[in-house]
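Here's the structure we're looking at; comments come further down.
The values are calculated or read from the model by the stated rules, or taken from the named source; none is laboratory data. Since this is a predicted model, take the numbers as computed values, not measurements. As a convention, Cβ positions derive from the backbone with ideal geometry for all residues, glycine included, and neighbour counts pool all protein chains shown.
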């Protein structure tokens, strides 16, 4: 293989850290976005957003590709979405005196699937879209 092909899949620690940070931020944005219910349109928007997020993650890593980047994209999208939702819930709970939900901050995770599974499916589609963008770029 050529030197250019090898460097395309070689990820430095700094590039990995930048990709992880971008993935967590893009995942957090996806976690907030699925709280707005647009029905089945949410699923189409999630796939488009996943492709956009994958491109941003790829650019943060200086356009690296490969299995490591795919794992980083998928894991950080899901972790960012769940972590972002839990962080906002924790801040809201800290400011409340009465009326705390029984599950605490985990209530926002349960809300992804309690009334309708569309938000949880949308998050998975967004993560899959990000992974596919890295794979097929």
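Quick look at the values:
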| quantity | calculated |
| --- | --- |
| Residue, nearest to residue 7 (Cα to Cα), within region 75-91, restricted to residues that are surrounded by 24 or more Cβ atoms within 10 Å (Cβ to Cβ) and under 8 Å from the mean Cα position of the chain (by Cα) | 76 |
| Conditions (1) touching a helix residue (DSSP H, G or I) at 6+ places or on another chain (Cβ under 7 Å); (2) outside any helix (DSSP H, G or I); (3) free of Cβ contacts under 8 Å to residues at least 24 places away in the same chain; number of the one not met by residue 108 | (2) |
| Which numbered condition residue 101 fails, given (1) at pLDDT 80 or above; (2) surrounded by fewer than 17 Cβ atoms within 10 Å (Cβ to Cβ) | (1) |
| Flag for residue 18 being touching a residue at least 40 places away in the same chain (Cβ under 8 Å) and either more than 30 Å from residue 7 (Cα to Cα) or out of contact with any strand residue (DSSP E or B) (no Cβ under 8 Å at 6 or more places or on another chain) (or both) | yes |
| Filter result for residue 122 (under 23 Å from residue 47 (Cβ atoms), touching a residue at least 12 places away in the same chain (Cβ under 8 Å), surrounded by 12 or more Cβ atoms within 10 Å (Cβ to Cβ) and touching a helix residue (DSSP H, G or I) at 6+ places or on another chain (Cβ under 9 Å)) | yes |
| All helices (runs of 4 or more DSSP H) inside region 1-67 with 3 or more residues being under 10 Å from the mean Cα position of the chain (by Cα) | 13-33, 41-60 |
| Only listed residue being farther than 11 Å from residue 130 by Cβ and surrounded by 21 or more Cβ atoms within 10 Å (Cβ to Cβ), chosen from 67, 60 | 60 |
| Residues satisfying the stated conditions in region 116-137, i.e. more than 19 Å from residue 28 (Cα to Cα), in a loop (DSSP other than H, G, I, E, B) and modelled with pLDDT of 80 or more | 116, 136 |
